[in-house]
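Student: The structure follows.
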Amino acid sequence: SAASIRVGPDSASVTQHAVTESVIAYGDTQFNVVGADALFNVGDIGVLWDSAVRPADSQAVNYEVVKIKSISTNTITVDGFIHSYKGVGAIKFLHTPNQIKDVTIEDIHLSPPSTNDQAGVLVYFVDKVRIRRVSGSGFTGNCVYSLFCYDVQIEDVQPVDPYATGSGQGYGVGLFGTTKFLLKNIVGRSCRHVVDIDSAYDGEIDSVEDLDDQSAAVAFAHNGFAGNIKIRNVRVRTAQYAIAASAQGY
């Protein structure tokens, strides 16, 4: 039992590097950073972003997590391909030398105080995440949250009865800036969204339920961008939409 768990590097170690391309297109597999072979390692993850913003405000930009497959001088080749257009303003690459890999969190019950508006479980800038059998009650933020991660599997999570379900509150499982993921068997009660994703790519959501949901059980592309996602087996009982692509996202 715990109030909250956080795994990730110190955010102060994250550095922003300029990408030389003015445009990166969907399906591209490479980009360039001057001195890449001295700055990064094969197998590192990082975050590509430009200044594209969601329609609703100017706060969220287009983030995409990539994994480095190979490096040749300035040229970085990514694992798979790049999933969204980037070219609204300068393109940047966020990276930390403090790479964290292979994190497993299992068999946790979360019961945070009402004053805690942070995520119950937060994984930040991690490659290969496995979270299983987590339950949580009385939370204000996300019960489980993946931020800037790659290769994430979150299964058998039960977020119930959050303290608040206003805008940005009372979410079950949240993904922001996450590539290559599986969410499975997420069963909530009275959540605003049982699953809420943003800037997430190449994933699958299977078996989500909230029979007393306060808004759409699954919200994808909520505050930004998303793509290459399969969603199946979503069960609700209220008059809310089971699955919603937010007007705030793409």
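Student: Give me the 1.4 Å probe accessible area per residue for segment 104-222, excluding ligands and nucleic acids, in Å².
Tutor: Per residue, segment 104-222 has 31 Å² of solvent-accessible surface.
Student: Per DSSP H run of n ≥ 4, the term is -39500 (n - 2.57); total these for the chain, divide by its residue number, and report the mean residue ellipticity at 222 nm rounded to 500 deg cm²/dmol.
Tutor: Computed mean residue ellipticity for the chain: 0 deg cm²/dmol.
Student: Set the Förster radius R0 to 51 Å, insert the Cβ-Cβ distance between ASP10 and ARG237 as r into 1/(1 + (r/R0)^6), and round the FRET efficiency to 0.05.
Tutor: 0.70
Student: Residues of segment 89-123 with the amide nitrogen closer than 16 Å to a label point 7 Å from the Cα of ALA3, along Cα-to-Cβ, please.
Tutor: Of the residues in segment 89-123, 109-122 have backbone N under 16 Å from the label point off ALA3.
Student: Distance in nm between label sites at GLN99 and PHE81, each 7 Å beyond Cα in the beta-carbon direction?
Tutor: Inter-label distance under the simple model: 2.4 nm.
Student: OK, next. What number of lysine-lysine pairs in the chain show an alpha-carbon separation below 24 angstrom, given a sequence spacing of 8 or more or placement on distinct chains?
Tutor: The number of close lysine pairs in the chain is 25.
Student: Between LYS184 and ALA90, what's the calculated FRET efficiency when r is the beta-carbon distance and R0 is 22 Å? Round to 0.05.
Tutor: 0.05
Student: Quick one: pull the percent of accessible area on segment 1-158 belonging to carbon and sulfur, 1.4 Å probe, ligands and nucleic acids left out.
Tutor: With neighbouring chains kept in place, the figure for segment 1-158 is 47 percent.
Student: Given (i) 18.9, 60; (ii) 17.8, 55; (iii) 23.1, 71, which label gives Rg and Dmax of the Cα atoms in Å as computed from the coordinates?
Tutor: Matching the structure shown: (ii).
The values are calculated or read from the model by the stated rules, or taken from the named source; none is laboratory data. As the structure is a computational prediction, the values presented were derived from the model and not from experiment. Note that we place each Cβ from the backbone using ideal geometry, even for glycine, and neighbour counts take in every protein chain shown. Keep in mind that these areas ignore ligands, DNA and RNA; they rest on the heavy atoms of the full protein, side chains included. Shrake-Rupley method; radii C 1.70, N 1.55, O 1.52, S 1.80 Å.
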